[in-house]
Amino acid sequence: MNTQDPERAEAGYSWKRDPLLWAYSALMSVPIVMVFMSYNFHRMDLCLYAGWALLGLSVAIILLAGREFMLKGGAPKGESIVHTTVLVDSGVYAVIRHPQYLGFMLFVIALGLMSQHWLSIASGVLGSALFYLDVQREERMSVVKFGEDYERYMRRVPRMNFILGVIRLLRRDK
């Protein structure tokens with residue numbers, strides 16, 4: 001794998017100095033609080049059940065992605081999976097490039113459906129939009145870190161479109 005200046009690739013990513021991370025973290029934590037304060041606020045049971053189903057799906061995606069990253073990411077012993085040294089393109093990463101991001105976005109949407117409160121929905125949507133900006137930044141850093149390998153991966157696997165990812169995966173397997 002091509003690792004062109006990994007220090008530069010990770011340099012822009014810090015909780016201590018990154019207002020984007022702080023903003024979407026704050027916004028996306030509101031639905032967590034609101035689900036406890038206003039669970040099923042409008043008594044729309046269909047939304048509630050859809051929220052629970054989406055919550056299960058989001059947790060499954062997050063866990064599958066984390067497992068795949070831990071097993072194949074090549075992070076040095078004792079380091080977080082964020083410090084991967086290998087481009088992971090198997091498992092759920094063969095379907096979409098950013099399953100953990102998608103999982104967290106679906107998680108927040110699920111909580112909005114469960115609480116049904118306008119504040120939960122508004123903060124979740126805005127937080128997810130900012131989160132998506134971070135996905136784009138993550139891709140720029142991955143291109144720097146992994147070079148042409150990541151660019152080929154980008155052409156082969158969609159960013160977050162799960163349905164398109166499954167279709168492409170099925171076509172590749174034929």
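Throughout, read-outs are computed from the coordinates displayed, never taken from laboratory work. In this text, all values refer to a predicted model and were calculated from it rather than measured experimentally. Note that we place each Cβ from the backbone using ideal geometry, even for glycine, and neighbour counts take in every protein chain shown.
I need to check one value: relative contact order of segment 18-173, counting alpha carbon pairs closer than 8 Å and at least 6 residues apart, in percent.
Numbers: 200 pairs, mean separation 53.8, N = 156.
Normalised by residue count, the contact order of segment 18-173 is 34 percent.
Top mean-square fluctuation among Arg159, Arg43, Arg140, Gaussian network model of the chain, C-alpha springs under 10 Å?
Arg43
Please get the size of the charge dipole for the chain, origin at its Cα centre, with Cβ charges of +1 on Lys and Arg and -1 on Asp and Glu, quoted in debye to the nearest 20.
For this selection, approximately 360 debye.
Using 0.36 nm times the number of residues separating Asp89 and Leu20, minus their current alpha carbon distance, what extension gain do you get? Before the final figure, lay out the partial values.
On the way: separation 69, 0.36 × 69 = 24.84 nm, distance 2.67 nm.
This chain segment gains 22.2 nm when fully extended.
For every other residue with a beta carbon closer than 14 angstrom to the beta carbon of Ser115, add +1 if it is Lys or Arg and -1 if Asp or Glu, then tell me the sum. Provide the component values of the computation, followed by the final result.
Values: positive: Arg43; negative: Asp45.
Net charge in that neighbourhood comes out at 0.
Sum -39500 (n - 2.57) across every DSSP H segment of at least 4 residues in the chain, then divide by the residue count to get the 222 nm mean residue ellipticity, nearest 500.
Working: 7 runs with 120 residues, N = 174.
The per-residue figure over the chain is -23000 deg cm²/dmol.
Across the Cα atoms of the chain, what radius of gyration and what greatest pairwise Cα-Cα distance (Dmax) are found, in Å?
17.4, 53
In sequence order, what are the phi-derived ³J(HN,Hα) couplings for segment 121-133 according to the Karplus relation 6.51 cos²θ - 1.76 cosθ + 1.60 with θ = phi - 60°, rounded to whole Hz, with x for glycine and proline?
Karplus values, whole Hz, x for Gly and Pro: 5, 5, 5, x, 5, 5, x, 5, 5, 5, 4, 5, 4.
Between Asn40 and Arg140, what is 0.36 nm times their sequence separation minus the Cα-Cα distance? Round to one decimal in nm. Before the final figure, lay out the partial values.
Working: separation 100, 0.36 × 100 = 36.00 nm, distance 3.95 nm.
That pair, Asn40 and Arg140, stretches by 32.1 nm at full extension.
Can you give the extra length, in nm with one decimal, that the chain gains between Leu71 and Ala50 once fully stretched, where that is 0.36 nm per residue apart less the Cα-Cα distance?
Values: separation 21, 0.36 × 21 = 7.56 nm, distance 3.16 nm.
Contour length minus Cα-Cα distance gives 4.4 nm.
Based on the Cβ-Cβ distance of Met154 and Val33, what FRET efficiency does E = 1/(1 + (r/R0)^6) give at R0 = 41 Å, to the nearest 0.05? It would help to have the intermediate numbers written out before the result.
Details: r = 36 Å, r/R0 = 0.87.
It comes to 0.70.
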